[in-house]
Amino acid sequence: MKLLRIGSSGKEKPVVLDKDNKYRDLTSIIKDLNPANLNFETFSKIQSIDHSTLPEISKSERIGSCISSPGKFIAIGLNFSDHAAETGAKPPSEPIIFMKATSSICGPNDNIEIVPGSKKLDWEVELGVVIGKNAKHISEDQSQDHILGYCLVNDVSEREWQIEKMGQWVKGKSHDTYGPIGPYLVSKDEITDVNNLNMFLDLNGNRMQTGNTSTMIFNVDTIVSYVSKFMSLQAGDIITTGTPPGVGMGKKPQIFLKDGDNLELKIDNLGQQNSKVVAI
């Protein structure tokens, strides 16, 4: 099942993609794809109905973020050894956890902002994990019991703020529009093998990143279990799991985003994002 949110910013409606690839309005069942509704019981209810009986919604409307108001936006750093190498870092022996502000979240095709003073804006195609059941100190073999689904994430990063300014990575990861997610929240039953998903990112039509989740240092189950040992996870929380090689800071010479650039990114079965970079 693929769910999404359609409409202008702040006025999105929950939608399901039916078997004929049509958008169907879910507002008679749930009011939003927010933590109150991001659980296995609600998903089962949505899956059990005949989607063709729901009102159709035009595909011409804006696609919003696939989740509204998550409690936490957690990220894992340097989770591909070849990405770590291109940044000059050693592959970690344990997952590196950092946070992105939830206010960074935007729709998959919304503009990405470059603000005055930003010099090193970069891209990162990533797999996002969406929690559907509270988790605290769980084992790896329990992780799937707490995962509701998956989504596509662009972990947009301002490298000067992240690395050269004093403090934690969150500073370079959290500006408005630095967290495009979606288009779809995909239920995990539609993903045959989450540890074997192709992923790519193009900048202005040129391939920058190519990867597969099979080369992650720490797989999805390991990550969810590990994070739950340091903080409890609630329904609707997002964990974005790291990026493959090909980011701008790893290029020789380095490449960073500029006004007017276009980004296209995709992961198998999770949809595609198309974003324009705009100076404000």
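Just so you know, all these numbers are worked out from the coordinates, no wet-lab data involved. The structure displayed is predicted, hence computed values, not measured ones. Cβ atoms come from the backbone with ideal geometry, glycine included; neighbour counts cover every protein chain shown.
Once backbone amide H atoms are built at 1.01 Å from N, Ile181 has Cys66, Cys106 as its partners under 5 Å, excluding neighbours fewer than 5 places away on the same chain. Within region 195-280, the trypsin sites (Lys or Arg not before Pro) that combine a DSSP coil assignment with at most 15 other C-beta atoms in a 10 angstrom radius are Lys229, Lys251, Lys258. Give me the distance between the Cα centres of region 91-120 and region 161-220, rounded to whole Å. About 10 Å separates the Cα centre of region 91-120 from the one of region 161-220. Across the chain, the mean sequence separation of Cα contacts (distance under 8 Å, 6 or more residues apart), normalised by length, yields a relative contact order of 25 percent.
The convex hull defined by the C-alpha atoms of region 73-279 has an orientation-averaged projected area of 10.3 nm².
For Lys45, the lysines whose Cα falls under 17 Å of its own Cα, not counting residues fewer than eight places away in the same chain, are Lys2, Lys19, Lys31, Lys133, Lys188.
For region 85-148, the list of trypsin sites (Lys or Arg not before Pro) that fall in a loop by DSSP and count at most 14 other C-beta atoms within 10 angstrom reads Lys119, Lys136. Here the Karplus curve 6.51 cos²θ - 1.76 cosθ + 1.60, taken at θ = phi - 60°, turns the phi angles of region 53-66 into couplings of 7, 7, x, 7, 10, 4, 7, 7, 6, 4, 9, x, 4, 6 Hz, with x standing for Gly and Pro. With the cut-off at 23 Å, report for region 136-239 the share of all Cα pairs above it, as a whole percent. Percentage above 23 Å: 40.
Using only side-chain charges placed at the Cβ, +1 for Lys and Arg and -1 for Asp and Glu, the dipole size of region 2-57 relative to its Cα centre rounds to 120 debye. Overall, region 73-279 carries a charge dipole of about 560 debye about its Cα centre when +1 sits on the Cβ of Lys and Arg and -1 on the Cβ of Asp and Glu, all other atoms neutral. Overall shape: oblate for region 81-142, with the ratio a/c of the largest to smallest alpha carbon gyration tensor axis at 1.5 or above and b/c at least equal to a/b.
Of all the options Glu190, Glu124, Glu41, the one that moves most in a Gaussian network model of the chain with Cα springs shorter than 10 angstrom is Glu41.
Three principal axis extents describe the C-alpha atoms of region 2-57; from largest down they are 27, 25, 17 Å. Listed values for region 31-37 are Karplus-derived 3J(HN,Hα) couplings in whole Hz (6.51 cos²θ - 1.76 cosθ + 1.60, θ = phi - 60°), namely 8, 6, 8, 10, x, 5, 10, and x replaces Gly and Pro. Residues in region 79-90 carry Karplus couplings, in order, of 8, 10, 4, 6, 5, 4, 4, 5, 8, x, 9, 7 Hz; the curve used is 6.51 cos²θ - 1.76 cosθ + 1.60 with θ = phi - 60°, and Gly or Pro positions show x.
If you build a Gaussian network model of the chain, linking Cα atoms that sit under 10 Å apart, which residue out of Ala75, Ala85, Ala235 swings the most? Per the Cα network of the chain with a 10 Å cutoff, Ala85 tops the list.
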